[in-house]
Amino acid sequence: MFVIGGGVAQAGDLLLDPIREAYLAHLPARGYHPEPEFRIAELVNDAGVVGAADLARRHAAALHHGA
């Protein structure tokens, strides 16, 4: 699965369709394995903020547990 996020994700299928077509055009042995999904991230522009918050949470937990 390929997930596209950030500001460009707002383009939706206008962005996904050419990406999907280009990927599949260069995929060796096409038809012998499942094709991946191409999706827009549910968090879209918030992905970076959510990732940073999770990283901070993990760091704080590691400090708290002495790791």
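The values are calculated or read from the model by the stated rules, or taken from the named source; none is laboratory data. For clarity, every value in this text was computed on a predicted model and none was experimentally measured. Virtual Cβ from ideal backbone geometry, glycine too; neighbours counted across all protein chains shown.
Tabulated values for the structure
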| quantity | calculated |
| --- | --- |
| Enumeration of residues in the range 26-54 that are among the small types (G, A, S) and modelled with pLDDT under 90 | A29, G31, A41, A47, G48, G51, A52 |
| Filtered residues of the range 31-67 (kept if among the hydrophobic types (A, V, I, L, M, F, W, C) and under 14 Å from V3 (Cβ atoms)) | F38, I40, A41, L43, V44, A47, V50 |
| Test set (1) surrounded by 10 or more Cβ atoms within 10 Å (Cβ to Cβ); (2) at pLDDT 85 or above - M1 fails condition number | (1) |
| Residue check, G66 small (G, A, S), at pLDDT below 80 and in a helix (DSSP H, G or I) | no |
| Filter result (surrounded by fewer than 12 Cβ atoms within 10 Å (Cβ to Cβ) and either under 24 Å from the mean Cα position of the chain (by Cα) or more than 27 Å from L16 (Cα to Cα) (or both)) within the range 32-49 | H33, P34, E35, E37, E42, G48, V49 |
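One line per residue, one yes/no per condition, for (1) without any contact (Cβ under 8 Å) to a residue 40 or more places away in the chain; (2) in a loop (DSSP other than H, G, I, E, B):
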{"position": "V3", "(1), (2)": "yes, no"}
{"position": "G31", "(1), (2)": "yes, yes"}
{"position": "E35", "(1), (2)": "yes, yes"}
{"position": "N45", "(1), (2)": "no, no"}
{"position": "G51", "(1), (2)": "yes, no"}
